[in-house]
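Please treat every number below as a calculation from the coordinates, not as lab data. Predicted, not measured: the structure shown is a model, and the values here were computed from it. When we count neighbours, we look across all protein chains shown, and the Cβ atoms used for this are built from the backbone with ideal geometry, even at glycine.
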Amino acid sequence: MTALELSSAVAVVGTGTMGQGIAQVALMAGHPVRLYDAAPGRAKAAADAIGARLDRLVEKGRLTPDDRTAAAARLAPAESLAELAGCGLVIEAVLEQLDVKQSLFQELEDIVGGDCLLATNTSSLSVTAIAGALSNPGRFVGLHFFNPAPLLPLVEVVSGSATDEMAATRAYETAEAWGKTPVRCADTPGFIVNRVARPFYAEALRLHEERVADPATIDAVLRECGGFKMGPFELTDLIGQDVNEAVTRSVWESFFQDPKFTPSLAQRRLVESRRLGRKSGQGWYAYGDDAPRPEPHTAGPETAPETVTLHGELFAADALIGLMRDAGIRVEQGTDVPSYPGSLELPGGARLELADGMSPDAAAEPTIHFDLALDYRTATRIALAPSSRVGEQALKEAIGLFQALGKKVSVIGPAPGMIVARTVWMLVDFALDAVGREAADAEDIDTAMRLGVNYPLGPIEWGRRLTTYRVVEALDLLNGEYPTGRYAPSQALRRQAVREEYS
Ligand SMILES: NC(=O)c1ccc[n+]([C@@H]2O[C@H](COP(=O)([O-])OP(=O)(O)OC[C@H]3O[C@@H](n4cnc5c(N)ncnc54)[C@H](O)[C@@H]3O)[C@@H](O)[C@H]2O)c1
């Protein structure tokens, strides 16, 4: 066990939002905590704010008054960096600026003892670059907490190029001892969460920019069909459009403008017009007591067909067969040569197919794509993308079919990969690319995405469920539809697909 001993003091430098949260975590774990901030009076104000939060925990019965008194006695603001001399760990949460962080740690290196662990909470700077100014960069790690730090369990433990394994292990075990769920990662742009999550925002923005669907519909489909807690538009309104866009731009620039990470013009315009989300009262949505809340597109009631004909297999959408039978719809076995994906033929002759990487317009027959669901049994909404060849009656049959299964139906434009499917394929690709480049291991990536951004399933597990080679096929098609390189499957994704096929 190499976790920091509880008797060792933890210093938190920079006592804004993150510093206060991290200090509270270390304090509640039982350490003495020292707070330092460059702005006069701010460390003292932070100590008072933490004290007030502990009072609320006492009121809610989550902390005993005795424990609160003991915690308060362990917490002290410092007037100068020199007062941090005896600390066993310093966590920095100051301004996100490389030169500021570098000079702070240079100063600290001469103050603290040789065995003091040094950590940065940076979200977007290189841990290696911050440590570059140190004479002993081996003891320097990234300890990336998520906001609000006392509540969110995930901590990314980032090893820079010069970080000693012992230091990273000590940081990991300390975070674990504090009741957090740490994951290990290398010092690559965005670490795990801020890198792998990019397509969740980017695909939604692209679909909206192409006028495939409006934000309310895209949000609703990702929530009610994809199983995500929040849609990307409402989530970025909560995070702040400026904050979310800054992360996207920083990761894109750090990867030398790789098209996989290209930011969105629509989001740029939102930021330029200061429509930043909840904090400014307007983002993708309007906020305030009487602000109108746009409704997702939801089709009116239609009659379900009595019979459909199944050609081939529905693979990831196989559960639909049982649901249709339960709803009293007869499913007859068709005679077409099975192909991927299989299809459901409606009485009027149109075909329903699970979204692949091509537009439904590419099919010679009238084709309606339906979106991927996390679980077709529990999904409450489904999106349909009819090709231009689909007549009104055929679309009504498809709508009625899904309504008979208890789903609301959103009709969207004929986009390749629709909404959930293309978002998930891209998350799988980004996650496996990160594994392939040894940014982190697969298990840690899935843990980080479930705990850091609340995904219903880790992307790598999701890829396995869909079978990775189907994801490769879909992205190859999508790459053909949008030949910018953004959708080109990564080498790691292709390798994983081959491994799965032969295992
Ligand atoms: N806010 C988030 O959601 C979030 C999440 C994870 C990581 N981070 C990272 O945490 C760090 C802090 O972010 P924040 O949102 O808490 O910022 P913040 O603006 O709330 O607080 C920063 C504090 O640092 C102080 N400060 C600035 N320069 C200093 C210096 N040289 N020495 C001592 N104190 C100094 C400021 O006075 C301020 O109190 C950044 O690196 C940020 O990228 C932020």
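For the chain, give the share of DSSP beta bridges that are antiparallel, in percent and rounded to the nearest 5; count only bridges with both residues there. Around 30 percent of the beta bridges assigned by DSSP in the chain are antiparallel ones. For the range 315-367, the gyration tensor built on C-alpha atoms gives a prolate shape. Its axis ratio a/c (a ≥ b ≥ c) is at least 1.5, and a/b is the larger of a/b and b/c.
Does the range 307-411 classify as rounded, prolate or oblate by the C-alpha gyration tensor (a ≥ b ≥ c root eigenvalues; a/c under 1.5 gives rounded; else a/b over b/c gives prolate, otherwise oblate)? Walk me through the numbers before you get to the answer.
Working: a/c = 1.29, a/b = 1.15, b/c = 1.12.
It comes out rounded by the Cα gyration axes.
The Asp164 and Glu83 beta-carbon pair, evaluated with R₀ = 22 Å, returns a calculated FRET efficiency of approximately 0.25.
Could you sort the peptides 91-102, 176-187, 352-363 by per-residue average Cβ neighbour count (10 Å cutoff), highest mean leading? The partial results should precede the final answer.
Details: 91-102: 18.0, 176-187: 19.9, 352-363: 21.8.
Most protected by this proxy first, the peptides run 352-363, 176-187, 91-102.
Helical runs (DSSP H, four residues minimum) scored at -39500 (n - 2.57) apiece and divided by the length of the chain put the mean residue ellipticity at 222 nm at -12500 deg cm²/dmol. Sparsely packed loop sites in the range 269-351 (the chymotrypsin sites (Phe, Trp or Tyr not before Pro) outside DSSP H, G, I, E and B with at most 15 other Cβ atoms within 10 Å) comprise Tyr287. If you count Lys pairs in the chain whose Cα atoms are under 28 Å apart, skipping same-chain pairs closer than 8 places in sequence, the total is 16.
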